[in-house]
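See structure below.
Taken together, the values in this text are just the output of simple stated rules run on the coordinates, not laboratory data. Quick caveat, the model's predicted, so the values are computed rather than measured. Don't worry about glycine lacking a Cβ; one is built from the backbone with ideal geometry, like all the others, and counts go over all protein chains shown.
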Amino acid sequence: MPLTRLFPNLGFSDYQVTSPPSADYNCIAWAALEDDRWWWPDPNRIFYWPEDAPREETLDGFVKTFELYGYESCTSTEIEVGFEKVAIFVDADGEPTHMARQMQSGGWTSKLGTLEDIEHSLRGLEGDRYGIVAAILRRPIRSL
Amino acid sequence: MAAFWPLDGQGLSDESNQLRDGATRAFIHYHIPMTRETLAQKFRALADAWQEETAHLSSPTRIAMHPAYQQIIGMGLPVIPLILQDMSKEPKQWFWALTSITGINPVVPSEQGRIRKMVAAWLRWGTEESYI
């Protein structure tokens, strides 16, 4: 199925596919800079979630989890020198559906379930499938 | 149906009506294709629909709540070999279903989320339990 059928707003801005499909990792892992593990705070403890993080499928739980990695809430989706950002999408019930990570270019990168990674505008993934962006988090870029 | 059972109950005894109703049910049952699908065919159709409609999702909870996935869980133990066979061809999110049906989870905590290792753990379990 073409991605623009799943996410019609992608059709209104540039996006590009940057990887083949993979079931090895999901958007949360990708936001956390991993590509070999499926992250989710499922109640059955089938999937990975950081040990010290709240195992809750809530926006607050996701924010607290990423705070453990040095992130803090912010309001701007624009690129800020010296910071890296992630965005959390929620559905109409306020439950997390997706995360995206900002690239140095200011664009965003996402893993779409078991589908591909894409580079996209943040609003390109808003809509029926992932809902809306409800939180932006940032942390200082760590020097290597 | 009217052409097949022309009497429409008129002038028949109660017993005849019961026989006629039973024959009608048998006729309808025979001609509904779903009832003659094999378990494998039904599984394949449901699995394909589930895969198509949830591939973009990240939440295993949402993936598992899909109606087709829930129907597969409802098939119970007989569907386990089909799930394991499907999983052996391509890693998919069958973990929730397998745990729901069997009540166990053979994946060790250190491998949570490592999809290929999780698949390997379930296939090992399936071999040990003679499902594959």
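Tabulated data
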| item | result |
| --- | --- |
| Pairs from A:111/B:89; A:64/B:42; A:64/B:117 whose Cα-Cα separation, in the structure shown, is over 31 Å | A:64/B:42 |
| Between segment B:84-125 and segment A:50-103, the Cα center-to-center distance that results, in Å | 28 |
| Cut-off 12 Å between beta-carbons: net charge of the residues surrounding residue B:122, Lys and Arg +1, Asp and Glu -1 | 0 |
| Cα gyration tensor, segment A:24-75 - rounded (a/c under 1.5), prolate or oblate | oblate |
| Prolate/oblate/rounded label for segment A:3-140 (Cα gyration tensor, a/c 1.5) | rounded |
| Debye log10 I(q)/I(0) at q = 0.24 Å⁻¹ for segment B:21-117, Cα point scatterers | -1.37 |
